[in-house]
Amino acid sequence: MTTAPSAPRAPRTSIALPGPRAPMTPRALAASTAPATPAAHAAPAPGIPLGRADVEAAAARIAGHVRRTPLLAGLPGPELHRTGRGLLLKAEHLQYSGSFKLRGAANAVLALGARRIVTGSSGNHGIALARLAAPLGAEVTVVLAGGAHPAKIAVIKALGGRTVRVPGGVAERDARARELAEETGAVLIPSSDHELVVAGQGTVGLEILAEAPDTETVYVPTGGGGLLAGVCLAAYGHPVRVVGVEPAGTPRYARSLAAGHPVRLAPGDTVADGLRGQQPGAVPYPIVRDRVDDLVTVTDAQILDAAALLRRRGLEAEPSGAVALAGAIRAGRGTGCSVAVVSGGNTKTALMAAAAAATPSRTHCTT
């Protein structure tokens, strides 16, 4: 990586893990001894097939299908004091499907021209694909693990999607989705581990940096890693810190970067139902490895506190959508402007309203 001279800032820290500190990764070790200057990160490493140009292409492709969400003023009073001046909230909970997932889904569906689609999803990606499917004349089958939120399943069905439930965790869910795609000849569009999905999610980062180019730090909720990798791509060449925030019960990226290779965790539990992935995706992992500045973990209590703060601010976010804010609060006071991505607003109330408003365009079945 190369660095460009710029104003001093606080040095990067090592990866934060629950329990005893893990060995520092080469990236974190280099950061801990490097001068306290922001990195103007160069292009991705040669082995990574994606770059900022792919994110820009995705932005043009999906422009008519997604909402350019606003940056909202952050938190009042003591919370703002704790997180530093100028904390902004990227309002992806206001996206048309209720989450940022619509961006990656739209980029993949439009680029591939898919008409029969299979995916594994915790809910929001499935909702996004089902929402896109009807006007495009596509059919969608969504495979969900046992812990999927019933209200999210109801919305997928109301939008005309077919749902398949499987026992086990995210790994079993995704394996069944791959099998179904092979058996039926459908196009597999994973929730995060796909080049087009990652590029689409990266448009969140493009919008943040276009509207607030002086942003010092972006906090990104991290599950499968598609959004984090996408923001990393958008941030290449820009002196902004990208910080991934994981639930403490499922720190797959923190553990993987500490080990120096992707690791698979046992199924974990967290109130952030959209962030229960067990291992980094093959596409997001090298991007995150080479560009992310830090990873922090937050407890369920911290996630729920952040969601409550958002509600008091008048913003309805599901627990997964409040994870980045929890990370920003945990990180403490910064020296400049920072942004936390509020990634989803599919609360039970919002989902019930969405299901009631949806008119199925065709029948669906469940197995």
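We did not get these values from a lab; they are worked out from the coordinates using the rules stated. As the structure is a computational prediction, the values presented were derived from the model and not from experiment. Reconstructed Cβ throughout: ideal geometry from the backbone, glycine too, with neighbour counts over all protein chains shown.
Quick look at the numbers
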{"read-out": "Translational diffusion of region 141-183, µm² s⁻¹ [Kirkwood Rh, Cα pairs; Stokes-Einstein; 20 °C; 1.002 mPa s]", "value": "203"}
{"read-out": "Set of lysines with alpha-carbon distance to residue 90 below 24 Å, sequence-local pairs under 8 removed", "value": "101, 152, 348"}
{"read-out": "Computed label-point distance, nm, for sites residue 300 and residue 269 using a 7 Å Cα→Cβ extension", "value": "0.6"}
{"read-out": "Distance between modelled label sites at residue 116 and residue 96, nm, 7 Å Cα→Cβ extension", "value": "2.6"}
{"read-out": "Around residue 121: net Lys/Arg minus Asp/Glu count, Cβ-Cβ under 10 Å", "value": "+2"}
